[in-house]
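Data block below; observations after.
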Amino acid sequence: MRPDMQDRLSIIKYNNWINVLQPMTLVTSANQQGMVNLINSTVLAPDGSTSIAGGVMLALNELATPRSTPSTKLNKMMLVLTDGMDNTAYLNPDDGQYYSLLGGQEQADYWSNNLVNTSAISPPVDVKIYAVGLGNTDMIDVARLGVLAHSTVPI
């Protein structure tokens, strides 16, 4: 996060709830440390289930936020950090459909064992996605993260 260089940042927390912790914001010398403090705080600690698709979809909405300053060339990227499996479907309030990374049947929510049919998310090709799994390899869905990271092309 380079301050005062036209870089922007948004922070999304995703588990069984998807929340925008930091809306898309221009990184400045005045706010950079606050953003670092948020990233390093316990607010991003693991909790509940994991809806990676929901986090990615909300992050894509944030990336679509118009810039307040003009830019000649934009490099759009997303860093997805997770400690687990994409094991909970995301119910998109915009279209009422369930989504997951690959599509197919997924658990509807954290509180039940109900399965729902989901559609695969389809990130735009102009956004480079990096996926990083943190923790025990047996608890991270490397295959799904690989599909997510390879669904976009280098810019």
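The values are calculated or read from the model by the stated rules, or taken from the named source; none is laboratory data. Predicted model, so just to flag it, every value in this text is computed and none were measured. Positions of Cβ are generated from backbone atoms using ideal geometry, with glycine treated the same way; all protein chains shown enter the neighbour counts. Remember, those area values only see protein heavy atoms, side chains included, never the ligands or the DNA or RNA. Shrake-Rupley method; radii C 1.70, N 1.55, O 1.52, S 1.80 Å.
Brief remarks follow.
- Those residues of the range 102-127 which are of a type in the set (A, V, I, L, M) and open to solvent by 20 Å² or more (accessible area, probe 1.4 Å), in sequence order: LEU102, LEU115, VAL116, ALA120, ILE121, VAL125
- Condition met for ASN61 (open to solvent by 60 Å² or more (accessible area, probe 1.4 Å) and modelled with pLDDT under 85): no
- Matching residues, the range 128-152, being aliphatic (A, V, I, L, M), open to solvent by less than 40 Å² (accessible area, probe 1.4 Å) and either at positive phi or out of contact with any helix residue (DSSP H, G or I) (no Cβ under 6 Å at 6 or more places or on another chain) (or both): ILE140, LEU145, LEU148, ALA149
- Residues that are over 14 Å from SER51 (Cα atoms), part of a loop (DSSP other than H, G, I, E, B) and of a type in the set (Ser, Thr, Tyr) do not occur anywhere in the range 95-111.
- So ILE12, is it modelled with pLDDT under 95 and in contact with an Asp or Glu (Cβ under 8 Å, 6 or more places away or on another chain): yes
- Boolean, MET85 is in contact (Cβ under 8 Å) with a residue 12 or more places away in the chain and not in a loop (DSSP other than H, G, I, E, B): no
- Flag for LEU81 being surrounded by 15 or more Cβ atoms within 10 Å (Cβ to Cβ), of a type outside the set (S, T, N, Q) and within 17 Å of the chain's Cα centre (by Cα): no
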